[in-house]
Each structure stands twice: as C-alpha cells, then as structure tokens.
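Just so it is clear, none of the values below were taken in a lab; they were calculated from the coordinates. It should be emphasised that the depicted structure is a prediction, and the values quoted were computed from it without experimental measurement. Glycine also receives a Cβ, built like all others from the backbone with ideal geometry; neighbour counts cover every protein chain displayed.
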Amino acid sequence: MATVGLKAFELFASRLSCRPPRLHVLALRSLTTTAATTPPPPNSRFVPPASLETMDEAQLEGDGFDVDRRSRRPRPESRRPVPPSPAFYTARSLYYDTLVQLQSALSLSRRALRAQHLLPLPPFALRALPPAQPAWANKAEMSLILQAPLTARMYKRVVMLLRELDQYERIARVADATELEDAITDITKGFESKKGIQARDTRIRAREVKERGPLDRYGRSYTVGRRKTSAARVWMIEVQKPKDSTSEPVANTTSILSSSNATTPPPPTSTVLINSVPISNYFPLPADREGVLRPLKLAGLLGAFNVFALVRGGGTSGQSGAIALAVAKGCVAHVPEVEPILKKAKLLRRDPRMVERKKTGLAKARKRYTWVKR
Amino acid sequence: MSLRSGLTATKCLQRQRVFPRNAFRTTYTAPNSNLESTIESPDDWHLMQENRARFKLLFDLFNQHGSTQTRKNTFQPHHTLSCPLAPSQTTLSALVAAGAHFGHTTSLMNSNFLPYAYGSRAGLTIIDLEQTLPLLRRAANLVRAVAQRNGTIIFVGTRPDLQNTIQRASERLGAQGYHIGERWLPGTLTNRNQLFQEKSQEYRLTPDLVVFLNPLANMNAIRECAIQHVPTVGIIDSNADPRIVMYPIPANDDSPRTAQIIAGVLSVAGKEGVKAREEGQKTQQNHAQRILIKQVLNGEGNV
C-alpha cells in the first residue's frame with residue numbers, strides 16, 4: 001500500500017511543477033483517503049470533483065468564476081478515459097463480463113434452435129443425444145483465464161452456463177446445424193484446458209474398457225489375485241471343442257457287446273499351468289490344488305477353461321490362495337451368471353489377513369514375555 | 001310408448017370400440033409425441049424438424065383467425081425488463097401493479113420516513129406514491145442531465161433478483177453505465193489505489209452518480225459516496241432514513257418488479273441524455289464543417 005501510494009505521489013509530483021498550487025491540492029485529493037477539505041468560499045460555485053481534473057488552469061485562476069465565459073465555452077472532455085468494462089467497479093470485470101456474454105450466447109442459441117424446431121426437445125430426442133464429454137478447465141485454471149480469484153460458487157456458475165451451451169452444441173451437431181455448432185464451439189473452446197482434455201480422454205478410455213468387456217480379442221480373461229504377500233496373474237481361455245463328426249454316435253447298436261463308452265463323448269479336459277509348470281508339479285500338496293480348483297468346481301466349469309497363471313511372492317498356501325482368487329474372478333469374467341454362487345462361497349473376497357507386525361515390549365505380534373512377580 | 005328406433009338393446013349393450021393396436025402416435029403424425037418414437041439417425045432428426053415445421057405452418061395459418069391479442073401487443077411480465085417505461089409514461093397504476101406502495105411493518109418504520117408515508121394497512125406502512133412519482137421524475141431528469149454531460153453512472157443492486165435489471169440498465173447507457181451486482185468492495189472509492197492499482201491512474205474512477213436499488217444493504221457504499229461527494233439516488237423503503245441518499249425515491253425495495261420499473265425509467269432517461277449528447281456533438285461538428293467550407297469558399301472567392 002505504501003509503495004503504491006508513493007508511486008502515485010511520484011507520478012503526480014512530476015506533473016505538479018507546472019501547476020498552480022490550488023490544483024495540486026485538488027488533484028491529490030483523488031489519491032488520498034478521507035481528506036478533510038476546507039469549506040469552499042461562500043460565493044463560489046460547487047463543481048463536482050470528477051470534472052475538476054478536466055478543468056483548465058484558466059478556469060480556476062482568477063478571483064471568482066466567470067459565469068459568462070464558462071457558459072459560452074463548452075465544458076472540455078475529461079483527459080482520462082472512463083473505465084472500459086461495465087463491471088469495472090467489481091474488480092472482477094472479466095468474470096462478470098464473461099457471465100453476461102455466456103448468458104447472451106445461451107439466449108441467442110436458444111432462439112436459433114427454436115427457429116429450427118429443435119427446441120423444446122421431446123424426451124425421446126433428449127435420450128438420443130450423445131453424452132456430454134466436457135473438458136472444462138478446473139478452478140485454478142479458470143481463475144487464470146478469467147483473471148480473478150474464483151470461489152467454488154463463482155466457478156460453478158461459469159461451468160453451469162458452459163454445460164448448457166454444450167448441450168445446445170450437441171443438439172446442433174446431431175441435427176446437422178453446422179453454423180450454429182461452430183459458433184458455439186468458438187465460444188466454449190476458450191474455456192477448455194489441456195488438463196481438462198487429458199482428463200476427458202482418460203474417462204473415455206476407461207468407459208471404452210468397461211464397455212468392451214473383460215475378455216480381449218482372443219477371448220482370454222486376465223485377472224489378478226492376491227493373498228498374504230503373493231500376487232498371481234491368471235489368463236483363462238475357453239477350451240475349444242473339436243468339431244469332428246466321428247466323435248458323434250453314428251447308430252444305436254443293440255448289441256450287448258458294444259460298450260457304452262464308445263458312443264458317449266470323452267469328458268472335457270483342460271490344462272492348468274502355473275509358472276509354466278503343471279499344477280500337479282507346482283503344488284505337491286492336494287490341499288493347495290483343491291484350493292486352486294475350487295472356484296471351477298463350484299461353478300461347474302471344471303473342464304471348460306485352460307488356465308495359465310504367473311505367481312510370485314509368499315509361500316505355497318499364499319500363492320494357492322492368490323491363484324484361487326484370480327481364477328474365481330476369471331470365471332465371473334467369462335460367465336457372469338456364476339457371480340452369486342462364488343460370492344456366497346466367499347471366493348471373490350480378497351482375504352485381508354496379513355502377517356501382523358511385531359510390537360515393542362512383546363516377543364512377537366501378540367506373544368508376551370513371561371510375567372515375573374518381582 | 002316405444003324406444004327410439006336407434007336405441008335398440010343390442011346397440012346399447014354393444015361394447016365400446018377398442019382403439020386398434022397400430023394407431024399409436026409417431027414422429028410421422030403428431031409433433032408432441034413422446035411415447036413410442038425413437039431417433040437413431042440424422043434423418044430422424046430432420047423428419048422431426050419437418051414435422052414440427054409443418055405443424056407450425058398450420059398453427060400460423062389458424063392464428064390469423066381468432067383473437068387479435070398477440071404476445072407482442074399484450075403485456076408480458078418481462079416487458080418491465082426488456083422494454084421499460086419512459087419517465088413520462090410512468091403512471092401511478094404501473095407502480096401500484098408492481099407493489100411499490102408496500103412498506104414494511106409499522107413498528108419498523110423509520111421516523112424520518114413519515115412525510116412519505118400515506119398511512120398504514122394490515123400492519124404495513126403504505127407509501128404515498130403521489131410523492132414517489134414526482135421524485136422519480138426528478139431523479140430521471142438528474143440521470144438524463146448527468147448522462148448528457150458525459151457523466152458515469154453506476155447501478156448498484158446486490159440481490160440475486162436484481163442482476164438482470166442492473167445489467168440491462170447499464171447496457172442502455174453504453175460506455176457511461178456500470179453495474180455492481182455482487183458486493184460493493186469496501187474502498188472502491190476511498191482506497192482505489194490498492195484495489196485498482198495502476199488502473200486508478202489510467203481511468204477516471206470517480207463516478208458522477210450512483211443509483212442504489214437496495215441502499216440498506218449497501219451502507220458502506222453510501223458512506224464512501226458521501227465521503228467522495230458523489231451524488232446518490234436510492235429506492236427508500238419505509239424502514240430506511242430518506243436522508244442517506246441525495247435523491248430518495250420512496251418505494252418498496254424488496255419487490256423486483258418495482259426495482260425493474262425504477263431502474264428502467266432511470267436508464268431510459270440516461271439513454272435519452274446520451275443520445276442528446278451525441279446529437280449535440282453532431283450539430284457542433286456540422287457547424288464547424290460549415291464554417292470551414294465557408295472560409296474555403298471565401299478564400300477562393302477573394303483569390
């Protein structure tokens with residue numbers, strides 16, 4: 001504050017040298033705060049302060065005001081221009097001007113859409129509009145764009161107007177009203193930011209991944225399971241059924257000698273590889289093998305999928321639990337209908353139990369040292 | 001006595017004809033159908049537009065017959081905002097219709113407001129609009145005179161329902177009109193160096209007139225204007241002291257319609273002042289040009 005006041009004083013001081021002392025006081029008055037001025041002489045005419053700076057020295061010199069001369073001469077224009085923006089006195093002129101302009105853009109585009117019978121839009125047409133994918137700048141960036149510190153309420157006001165404009169732009173786009181669409185885009189693109197565009201692209205990609213589904217283009221599911229400190233990555237793919245006609249039973253022979261096995265197809269077999277090793281070699285204990293295959297058993301998908309797992313970390317039972325969780329998730333990815341079955345069997349829950357840390361003053365996590373009486 | 005021939009038992013007991021299943025509305029039939037219609041391609045959008053345009057043609061055709069009252073020649077509530085009254089056109093009935101005569105409860109009446117009070121009814125102070133109207137016209141004359149002399153006018157209305165009003169009012173005054181809609185920053189006039197920094201030296205900051213649509217909420221601003229000797233106009237309600245502003249307009253400050261009328265009247269007067277100034281400048285220019293031409297002609301004639 002002091003530096004600004006000094007700077008202003010210096011500016012005026014440079015101009016003061018050629019001015020009469022009377023103007024010196026009056027000019028400084030506009031800079032200072034609450035200056036108590038002396039009362040004007042009784043016969044002088046009141047001149048509003050705003051026009052004092054505009055008056056020439058000739059008008060202020062002399063004993064009194066020359067009424068005739070003043071009325072004959074037209075009042076001169078102010079040497080300084082008026083503030084440019086109508087919202088100047090709010091000290092956030094760009095923000096309020098932007099609000100006014102956005103509102104007028106909204107009303108104009110509304111009128112244009114109405115003229116083309118695109119507004120008011122019936123509900124079925126509203127449903128058919130493409131979804132909004134905004135890339136607006138966040139609050140900090142918008143504060144830079146609008147050159148004013150924005151509160152949450154001020155930011156929301158701008159974003160609401162931009163959203164409505166964006167909706168009109170989408171309507172114009174689907175209905176092939178290109179001029180209106182381009183006009184609105186010209187306005188709204190000034191409020192988008194690089195960060196906003198990046199965020200929007202991330203959202204679109206995430207939505208695409210969700211819509212695409214859990215299987216990749218080869219029909220494989222990729223799931224992750226964790227237990228204790230083990231992490232397993234599991235790929236599951238459907239077992240291809242052979243399409244030969246020779247496997248089908250040709251004719252029902254009534255001979256007792258023919259065994260029933262010849263007519264029925266062989267049961268489906270699938271491979272389960274863990275770290276490129278068959279399951280029977282990797283997990284010697286039957287309990288671990290059972291744990292890995294339990295989700296498939298409960299879902300009735302025992303021979304339906306080939307499983308390839310990569311697991312590391314932890315010990316045998318931890319790895320077995322991790323693979324079991326990943327296999328359960330993979331079953332749900334392939335056959336969503338089994339989800340309630342596996343959920344009820346608690347096979348879709350990542351076991352949160354981890355090794356508890358040792359604490360000071362205790363021998364282990366919970367084990368206390370022997371209590372001594374003395 | 002016999003039944004009428006048409007009213008046989010079989011006819012009366014006949015079931016009502018059920019609407020056929022396929023008689024539902026689509027985009028091809030009625031414009032306001034919203035049930036079974038779907039939009040898939042741009043052609044569907046064009047079809048919808050065409051259908052609505054067709055309906056509108058029919059509507060316009062029949063609109064020529066019937067009532068002569070249209071949206072344009074009847075009063076619409078937004079007219080006080082978009083096409084306000086001129087000072088000479090303002091009537092008592094317009095003010096009464098806007099509810100300008102409703103003051104606050106009699107127990108809250110400011111004792112200095114008594115000269116402007118007509119009486120009380122239903123516990124409310126009723127404002128004397130026969131005094132309001134000449135005071136409004138006086139304020140309008142003031143605004144016109146200030147605008148004609150290239151003065152700047154600020155419209156202050158710090159309630160959400162006053163935003164549109166002050167924006168339109170300041171627009172009408174062109175470069176000489178300003179508005180403050182959210183909050184009068186303390187120190188706008190008295191601490192301008194800190195608030196506006198280098199712009200305080202660049203522009204002419206002291207306004208020539210400030211119009212308050214809700215003065216009681218902006219006492220800081222009124223005080224600053226008094227310190228800086230800026231004339232003020234304000235809508236004074238019955239709980240306010242009329243002496244706080246230089247040109248009080250006693251009326252209901254809580255009614256947005258009243259504020260629209262008053263701000264509209266003042267801004268229209270300001271617009272007249274701006275126009276008068278421009279015309280004065282034009283006549284001056286023409287005058288100067290004529291003198292120049294005469295000089296040139298005389299000079300040539302002499303030579």
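Spacing of the modelled spin labels on A:LEU108 and B:ARG183, each 7 Å from Cα toward Cβ, amounts to 3.2 nm. Per residue of B:170-182, other chain Cβ atoms within 10 Å of the residue Cβ number 4 on average. Spin-label pair A:ALA183-A:LYS297: with each label point 7 Å from Cα along the Cα-Cβ axis, the two points sit 7.2 nm from one another. Post the alpha-carbon centroid distance, the range B:121-150 to the range B:283-303, in whole angstrom. Taking the Cα centre of the range B:283-303 as reference, the centre of the range B:121-150 is 47 Å away. Note on A:VAL355 and B:ARG223: the model spin-label points, each 7 Å out from Cα along the C-beta direction, lie 7.1 nm apart. Counting Cβ atoms of other protein chains within 10 Å of each residue's Cβ and taking the mean over peptide B:196-207 gives 6. Let me make sure I get this right: for the range B:184-284, a, b and c are the square roots of the gyration tensor eigenvalues over alpha carbons, sorted descending. Under 1.5 in a/c it's rounded, otherwise prolate if a/b > b/c, else oblate. Which is it? Oblate, since a/c reaches 1.5 and b/c is not below a/b.
Which whole number gives the average, over all residues in B:149-157, of C-beta atoms from other chains lying within 10 Å of the residue C-beta? Write down the numbers at each step before the final one.
Values: counts 3, 7, 5, 6, 0, 3, 1, 1, 0.
Going residue by residue through B:149-157 and averaging, the value is 3.
Compare the peptides B:208-215, B:146-153 by average per-residue count of other Cβ atoms within 10 angstrom and give them in order, highest first. Spell out each step's value before the answer.
Details: B:208-215: 26.1, B:146-153: 22.4.
Order by mean packing, descending: B:208-215, B:146-153.
Extension gain, B:SER120 to B:LEU58: 0.36 nm times the residue separation minus the Cα-Cα distance gives 16.9 nm.
On the beta carbon distance between B:SER111 and B:ASN286, with R0 = 56 Å, the FRET formula returns roughly 0.50. When peptides A:151-158, A:360-367, B:47-54, A:323-330 are ranked by their average number of other Cβ atoms within 10 Å per residue, the highest-first order is A:323-330, B:47-54, A:151-158, A:360-367.
Reducing the range B:58-81 and the range A:141-177 to their Cα centroids gives an inter-centroid distance of 34 Å. Each pair of Cα atoms in the range A:93-211 enters the Kirkwood radius, and Stokes-Einstein at 10 °C and 1.306 mPa s then converts it into a translational diffusion coefficient of 103 µm²/s.
So if R0 is 35 Å, what FRET efficiency would A:ASP176 and B:THR68 give, r being the distance between their Cβ atoms, rounded to the nearest 0.05?
With R0 = 35 Å, the Cβ-Cβ based efficiency is 0.35.
If you wrap the tightest convex hull around every Cα atom of chain B and split its volume per residue, you get 389 Å³. Applying 1/(1 + (r/R0)^6) with R0 = 51 Å to the Cβ-Cβ distance of B:VAL296 and A:SER85 gives a FRET efficiency near 0.75. Of all the options B:LEU81, B:LEU129, B:LEU58, the one that moves most in a Gaussian network model of chain B with Cα springs shorter than 10 angstrom is B:LEU58. Reducing the range A:296-374 and the range A:108-136 to their Cα centroids gives an inter-centroid distance of 51 Å.
Taking each of B:LYS72/B:LYS271; A:LYS195/A:LYS344; A:LYS343/A:LYS367; A:LYS210/A:LYS358; A:LYS194/A:LYS329 in turn, the alpha-carbon distance tops 32 angstrom for A:LYS195/A:LYS344; A:LYS343/A:LYS367; A:LYS210/A:LYS358; A:LYS194/A:LYS329.
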